[in-house]
Amino acid sequence: MPFMPYRLPLLKSCAALAFLGCTHAAQAAPVTNVLDAAKGQQQAMLDTMRDLVNIESGSKDVEGVERIAELIRDRLKGLGGTVEIIAPADVFRLDDTPEKVGPMVHAQFKGGGTKKIMLIAHMDTVYRNGMLKDQPFRIDGDKAYGLGIADDKHGVAAILHTIALL
């Protein structure tokens, strides 16, 4: 399978999510302090994407998905969340669903507002173990490449860094 690039600047992902909670649709100008904070997350988000891509976590690789879950749990706890790793109990099975599936991460953050925001992503990829050595994480120009980066390791990174912004 070819690399799926993720375009930089990554701050657009963080900024877009952060703006959901603090701007109105009619407001066209960016909130300068939020945009500056998002720009400040760019290198950290790249580092997070690298860390996630460097953990092989195919759908049938329960140990890899567990490692991703632990990394995410630790990051979310570090951001002040109440976090738990949940073993799946009732799994809807398709023809190719493995006998044992990986865990889920659930985190909650208490804010001062009245609205609730749900951010969701998946941690597994379609790649087989061993493919990482031939297709490692890399940045080329304004694109980041790596196994699972566009589906959905950048989504996990965007969640982590959006929470850091908020």
Going by what's in this entry, would residue 47 be described as surrounded by fewer than 18 Cβ atoms within 10 Å (Cβ to Cβ), in contact (Cβ under 8 Å) with a residue 12 or more places away in the chain, closer than 30 Å to residue 143 by Cα and of a type outside the set (A, V, I, L, M, F, W, C)?
no
Qualifying residue in region 126-144 (condition: within 26 Å of residue 38 (Cα to Cα), acidic (Asp, Glu) and not in a helix (DSSP H, G or I))
yes
Cβ contacts < 7 Å: first residue more than 13 Å from residue 162 (Cβ to Cβ), restricted to region 75-87; second residue in a helix (DSSP H, G or I), any location; separation 6+ or different chain. Result?
83/73; 83/76; 83/77; 85/69; 85/73
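Within region 64-87, which residues are of a type in the set (D, E, K, R), surrounded by fewer than 21 Cβ atoms within 10 Å (Cβ to Cβ) and in a helix (DSSP H, G or I)?
Selection gives 66, 67, 70, 73, 74, 77.
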Is it the case that residue 125 is touching a Gly at 6+ places or on another chain (Cβ under 8 Å) and crowded, with 19+ Cβ neighbours inside 10 Å?
yes
Looking only at region 88-118, which residues are closer than 22 Å to residue 163 by Cβ and assigned to a loop (DSSP other than H, G, I, E, B)?
102, 103, 109, 110, 111, 112, 113, 114, 115, 116, 117, 118
Restricting to region 61-102, name every residue that is at pLDDT below 90 and among the basic types (Lys, Arg).
93, 100
How many of the residues making up region 124-137 are under 17 Å from the mean Cα position of the chain (by Cα) and either of a type in the set (Asp, Glu) or modelled with pLDDT of 95 or more (or both)?
2
Among (1) in contact (Cβ under 8 Å) with a residue 40 or more places away in the chain; (2) within 24 Å of residue 74 (Cα to Cα); (3) part of a loop (DSSP other than H, G, I, E, B), residue 121 falls short only on (1)
Scanning region 43-63 for residues that are over 15 Å from the mean Cα position of the chain (by Cα) and not in a loop (DSSP other than H, G, I, E, B), the one nearest to residue 157 (Cα to Cα) turns out to be 58
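Every residue, every condition in (1) more than 22 Å from residue 59 (Cα to Cα); (2) not hydrophobic (A, V, I, L, M, F, W, C), yes or no:
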position	(1), (2)
114	yes, yes
120	no, no
123	no, no
130	no, yes
135	no, yes
150	no, no
156	no, no
166	yes, no
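The values are calculated or read from the model by the stated rules, or taken from the named source; none is laboratory data. Note that the coordinates shown come from a computational prediction; the quantities given were computed from them, not determined experimentally. Glycine also receives a Cβ, built like all others from the backbone with ideal geometry; neighbour counts cover every protein chain displayed.
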